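The values are calculated or read from the model by the stated rules, or taken from the named source; none is laboratory data. Quick caveat: nothing in here was measured; it's all calculated off a predicted structure. Reconstructed Cβ throughout: ideal geometry from the backbone, glycine too, with neighbour counts over all protein chains shown. These area figures cover heavy atoms from the full protein model, side chains too; ligands, DNA and RNA do not enter into them. Shrake-Rupley method; radii C 1.70, N 1.55, O 1.52, S 1.80 Å.
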Amino acid sequence: MNVKSALAVLCLAGIAGFAQAQDPNIGRNLAATCANCHGTNGKSAGGMESLAGEPKEKLLQKMADYRSGDKPASIMHQITKGYTDEQLDLIAAYFAAQK
Amino acid sequence: MLNRRDFLKSAGAVAAGSSLVGLSGCAGMGKGSGGHVVVVGGGYGGATVAKYLRMWSNGSVNVTLIERNTTFISCPMSNLVIGGVKQMQDITVSYDNLKSKWGVRVITDEVLSVDAAKRTVTTAANGTIAYDRVVLSPGVDFMTDSIAGLSGNEELIPHAWKAGPQTILLRKQLEDMKDGGVFAIQIPKAPYRCPPGPYERACVIANYLRQTKPKSKVLVLDANPEITSKKGLFTKAFDSYKGMIEYRPNSELRAVDAKTRTAELEFDKIKTDVLNVIPPMRAGDIATTSGLPLINNRWVDIDWITYEAKGVPGVHVIGDALFPAPTMPKSGHMANQHGKVVAAAILNLLAGEAPYAAPVVMNTCYSFVDDKNVIHVASVHQYDAEKKQPMPVAGAGGVSAAANEIEGKFALAWAQNIWADMLS
């Protein structure tokens, strides 16, 4: 491998790493998909549960219970199954950090 | 033409009477460090982009929202106005908070053209406005000419598929209809805005007629071969209005006679008392006249990471105007979700960073089957790097087990929360 192609590989790795892992706003972006019902940044405008400031572990447990069916739901059992564990973790962390 | 100084003046005037967010935004604007985004259309998609760009940039990105109407009137929930359950004021929201709380410059105007090379939009009343990036959220426009006799007669034969005066018109016609009258609704072939909406409308109108004019008929003339959304649940709902609702699949309208409110199908002519024709539709005119790439000559073809029209850098398109990804509905909820993906992508691009490469969107749609009971459909769509578009997650999403009152309350709370998410 010559120097030029080695540099190209390094650059590609850098770009991919940046886009995949280092965007600091992935949790924010994912949590925003919940805001239609639960309010901007998880602060409900009424009639739905607020998620802002809830402990992360509590939120994760709730979503796990919706997924497994342990906690009955009208719709959340269907929605939580659409997200990966990593995504739910990021979402719960984002809401937990909201005041 | 609005020049930069005028813009800063008006933006400053907005910030002067506003909260801290507006003021901090003003400081950023003075330096012009964050860039200027023009958003065309203040519906579910456009209003969301405008607010989220301001919120997520801490006011450092300037946002101009150009919208024809002076207030936001919601299509979701407008069937309840038509069914006599809600009033227009219940589905109308002001743009004031976007201006005062978020520092969005809101202009009541119409965009006539977009020049992607020069990065400008030309408006009817405010001249030419320059942008760093533009977001088009134009919704749909109707292909009225595809049904003979319809064009120019939209007051006699309302669509009521854009909420506003048309909503009031259809409500008035139903109020004026005699007991024993025939109400007919034409549903266009998919894809169209709000797949379950026409079936919901048939139900809430039947609910109204059953209480007030029980000899009347509701005729559902569906151009599609079957109910296009929540089929099992709507079939049950229609059964609960037995003798009143009649559902006819494969019933595409060829022509109408406006004077007699007659609907002409291929082999049938039906005389009605109130005729509600939802015409075939396509992306809003600004998308189709701006030279953007279209699929089937109707819907905009986009890159699903940045939502830029394919081959047109800097021009992002969201909402109902898009050629939909598989099973992705044209809904207000989905447009709001697109708006957040685009806001995040634009902020990264303005900062010279790569946009998030795996955006997620989801949809929830509640439909009333009477004045209290509701059914939902939900889905989650994850970006598929191989297919280069969002795909529905298998095993996720679904519909209600049965119509129920609890979801009736959730539906109203959904509206309150999504309107606040866009506009408060």
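Which residues, taken from the stretch B:260-276, are within 30 Å of the chain's Cα centre (by Cα) and of a type outside the set (A, V, I, L, M)?
So the first thing to find is which residues in the stretch B:260-276 are within 30 Å of the chain's Cα centre (by Cα), and the list is B:261-265, B:272-276.
The answer is B:R261, B:T262, B:E264, B:T272, B:D273, B:N276.
Yes/no matrix, rows are residues, columns are (1) in the same structural domain as B:G339 (by TED's automatic domain parsing); (2) assigned to a helix (DSSP H, G or I):
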{"site": "B:G84", "(1), (2)": "yes, no"}
{"site": "B:Q89", "(1), (2)": "yes, yes"}
{"site": "B:L98", "(1), (2)": "yes, yes"}
{"site": "B:I157", "(1), (2)": "no, no"}
{"site": "B:A160", "(1), (2)": "no, no"}
{"site": "B:A163", "(1), (2)": "no, no"}
{"site": "B:L169", "(1), (2)": "no, yes"}
{"site": "B:K172", "(1), (2)": "no, yes"}
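How many of the residues making up the stretch B:405-424 are open to solvent by 40 Å² or more (accessible area, probe 1.4 Å) and over 14 Å from A:G47 (Cβ atoms)? Before the answer, list the steps.
The first filter runs over the stretch B:405-424 and keeps only residues open to solvent by 40 Å² or more (accessible area, probe 1.4 Å), leaving B:405-406, B:409-410, B:412, B:416, B:424.
From what's left, over 14 Å from A:G47 (Cβ atoms): B:424.
Adding up the residues that qualify gives 1.
With respect to the conditions (1) within 12 Å of chain A (Cβ to nearest Cβ); (2) open to solvent by less than 10 Å² (accessible area, probe 1.4 Å), B:G332 falls short on a single one, namely (2).
Considered as a group, the residues in the stretch B:365-399 that are within 7 Å of chain A (Cβ to nearest Cβ) and small (G, A, S) include one that is surrounded by the fewest Cβ atoms within 10 Å (Cβ to Cβ), and that residue is B:G395. Look at B:T228 and say whether it is under 18 Å from B:D370 (Cα atoms) and polar (S, T, N, Q). Criteria not met by B:T228.
Hey, does the stretch B:238-253 have a residue that's in a helix (DSSP H, G or I), open to solvent by less than 10 Å² (accessible area, probe 1.4 Å) and touching a helix residue (DSSP H, G or I) at 6+ places or on another chain (Cβ under 8 Å)? Talk me through it step by step, then tell me what you get.
Here is the first cut: in the stretch B:238-253, the residues in a helix (DSSP H, G or I) are B:238-240.
Subsequent filtering for residues that are open to solvent by less than 10 Å² (accessible area, probe 1.4 Å) retains none.
Looking for residues that are in a helix (DSSP H, G or I), open to solvent by less than 10 Å² (accessible area, probe 1.4 Å) and touching a helix residue (DSSP H, G or I) at 6+ places or on another chain (Cβ under 8 Å), one finds none in the stretch B:238-253, hence no.
Within the stretch B:305-328, residues that are closer than 11 Å to B:L136 by Cβ reach partners that are of a type in the set (F, W, Y) and not in a helix (DSSP H, G or I) with beta carbons closer than 7 Å, at six or more positions or on different chains, in the pairs B:H316/B:Y307; B:V317/B:Y307; B:I318/B:Y307; B:A321/B:W299; B:L322/B:W299.
The set of residues in the stretch B:112-131 that are open to solvent by less than 40 Å² (accessible area, probe 1.4 Å), out of contact with any His (no Cβ under 7 Å at 6 or more places or on another chain) and under 18 Å from B:E308 (Cα atoms) comprises B:V114, B:A116, B:T120, B:V121.
If I ask for residues that are facing another protein chain (nearest Cβ under 10 Å) and surrounded by fewer than 22 Cβ atoms within 10 Å (Cβ to Cβ), which ones from the stretch A:51-79 would you list? Reasoning before the result, please.
If we filter the stretch A:51-79 for residues that are facing another protein chain (nearest Cβ under 10 Å), which is where we start, we get A:67, A:74-79.
Residues satisfying the conditions are A:R67, A:S74, A:I75, A:M76, A:H77.
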